Amino acid sequence: MEKKVNQKAWFFVLPVVLLVAFSALIPLMTVVNYSVQDTFGNNAFFWAGTDWFTDILRSERFHSALWRQFLFSGIILAIEVPLGIAIALAMPRRGLWVPVCLVLMALPLLIPWNVVGTIWQVFARVDIGLLGHTLANLGIDFNYTQDPLDAWITVVVMDVWHWTSLVVLLCYAGLQSIPDAYYQAARIDGASKWAIFRYIQLPKLHRVLLIAVLLRFMDSFMIYTEPFVVTGGGPGSATTFLSIDLVKMAIGQFDLGRAAAFSIIYFLIILLVSWAFYTVMTGKTKESDR
Amino acid sequence: MDLAWMAWTWPTGIFFICIVTALVAMTVWDRAVPQTERAGVLGILTTRGDRLFISLLGSGWIHLIWLGVVGPQLWIASIISVVFALCVFRWV
């Protein structure tokens with residue numbers, strides 16, 4: 001007898017579909033509509049065609065912000081992923097210290113983004129901040145409000161402090177899921193620590209690393225609040241990332257058509273890079289599953 | 001329902017109708033002939049849905065690159081996108 005497919009499940013999915021439609025699809029469609037028009041408010045729109053796209057794609061301002069954004073995401077991925085793996089490997093697997101370590105790791109993730117920005121803005125100040133004041137007393141000329149390199153260091157260190165924990169927790173969960181039998185077999189074979197890491201732990205971490213890299217890339221590529229609070233995009237435009245530039249355009253200049261075109265280009269970049277990451281990393285996962 | 005705030009235009013309306021039509025057509029096609037994964041020239045496993053996604057994403061980029069490098073004659077970019085999509089469905 002043929003098994004009957006129960007289609008009632010679709011009704012349970014409907015609320016999610018409606019929620020996604022209102023929170024994501026309709027705003028996205030509105031942005032597409034805005035991107036080909038110009039407006040001065042009062043729901044009065046004027047056809048602009050593809051002018052905004054051409055304008056953005058050829059603007060030096062966009063190219064600079066895009067370059068800074070890729071550089072920032074590249075730096076924080078290069079630091080946070082290896083550091084997160086190293087800390088997860090160093091954490092105890094059993095015992096009293098496990099919950100202590102987990103709570104300590106989770107703490108930075110619980111702090112709101114604007115609070116993180118404020119903490120680091122004060123912490124790095126030369127006049128009243130502990131970090132800035134200490135560096136000044138050590139004879140290091142550190143001033144994130146005037147020196148672009150210092151501003152970059154502050155923003156990168158702040159992001160590492162805030163988000164490495166996420167990579168740590170994901171990797172730790174991945175490490176905990178590896179059965180003891182693998183380690184026992186490695187011990188019998190006389191495998192070194194490096195060999196255990198390279199041939200047991202790293203392959204088993206593939207899936208969580210995929211999630212960690214994707215989340216950290218997308219988050220860092222859309223970063224706004226923390227650098228805005230600390231540096232406001234400065235000094236000059238040294239830390240003006242794509243989202244800061246976009247908000248300046250949309251809210252500061254009320255240039256909604258241009259900002260909408262900027263948003264779509266921004267969206268397509270994130271979509272392409274995330275798809276590339278996902279394809280490369282799941283391809284490897286499939287191979288390692290065979 | 002007043003949708004004036006969404007600032008609809010005919011070209012963007014037609015664009016979204018095309019996207020929805022493609023999704024509905026793919027769903028109907030899948031019901032008629034269920035899709036299976038295959039590895040093409042890129043060496044990655046793709047279903048028909050994946051190939052549609054690659055085609056749409058690639059088409060978006062072809063249009064952007066055309067606008068940035070050449071200019072506003074988008075019909076040429078659209079023809080290249082259609083050829084690209086056909087190649088993706090055939091060989092990827």
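What are the pairs, 6+ residues apart or on separate chains, where a residue within segment A:144-155 that is without any contact (Cβ under 8 Å) to a residue 40 or more places away in the chain has its Cβ under 6 Å from a residue that is open to solvent by 20 Å² or more (accessible area, probe 1.4 Å) and not aromatic (Phe, Trp, Tyr)?
Between residues of segment A:144-155 that are without any contact (Cβ under 8 Å) to a residue 40 or more places away in the chain and residues that are open to solvent by 20 Å² or more (accessible area, probe 1.4 Å) and not aromatic (Phe, Trp, Tyr), the close pairs are A:ASP150/A:ASN143.
Among the candidates A:SER263, A:SER237, A:SER274, which residue alone is farther than 22 Å from A:TRP163 by Cα and surrounded by fewer than 17 Cβ atoms within 10 Å (Cβ to Cβ)?
Only one candidate qualifies: A:SER237.
Within the set of pairs 6+ apart or on separate chains, which have a first residue in segment A:179-191 that is on the phi > 0 side of the Ramachandran plot, a second that is outside any loop (DSSP other than H, G, I, E, B), and C-beta atoms under 7 Å apart?
From residues that are on the phi > 0 side of the Ramachandran plot, there are no pairs.
Does segment A:230-256 hold any residues that are hydrophobic (A, V, I, L, M, F, W, C), touching a Pro at 6+ places or on another chain (Cβ under 7 Å) and part of a loop (DSSP other than H, G, I, E, B), and which are they?
Listed by number, the residues that qualify are A:ALA238, A:PHE241.
For segment A:110-143, give me each residue that is open to solvent by less than 50 Å² (accessible area, probe 1.4 Å) and either in contact (Cβ under 8 Å) with a residue 60 or more places away in the chain or among the basic types (Lys, Arg) (or both).
A:VAL116, A:GLY117, A:TRP120, A:ALA124
Of the residues A:PHE72, A:PHE46, which is open to solvent by less than 20 Å² (accessible area, probe 1.4 Å) and at pLDDT 90 or above?
One residue alone meets the criteria, A:PHE72.
Return only the number of the condition from (1) within 13 Å of chain B (Cβ to nearest Cβ); (2) out of contact with any Phe, Trp or Tyr (no Cβ under 7 Å at 6 or more places or on another chain) that A:ASP38 does not satisfy.
(2)
Name every residue in segment B:44-87 that is open to solvent by 20 Å² or more (accessible area, probe 1.4 Å), more than 10 Å from every other protein chain (Cβ to nearest Cβ) and in contact with a Gly (Cβ under 8 Å, 6 or more places away or on another chain), in order of residue number.
Once the filter is applied, which keeps residues that are open to solvent by 20 Å² or more (accessible area, probe 1.4 Å), more than 10 Å from every other protein chain (Cβ to nearest Cβ) and in contact with a Gly (Cβ under 8 Å, 6 or more places away or on another chain), segment B:44-87 yields B:PHE84, B:ALA85.
The values are calculated or read from the model by the stated rules, or taken from the named source; none is laboratory data. Keep in mind that what you see is a predicted model, and the values were worked out from it rather than measured. For neighbour counting, all protein chains shown are included, and Cβ atoms are generated from backbone atoms with ideal geometry for every residue, glycine included. Side chains included, ligands, DNA and RNA excluded: accessible areas come from the protein's heavy atoms. Shrake-Rupley method; radii C 1.70, N 1.55, O 1.52, S 1.80 Å.
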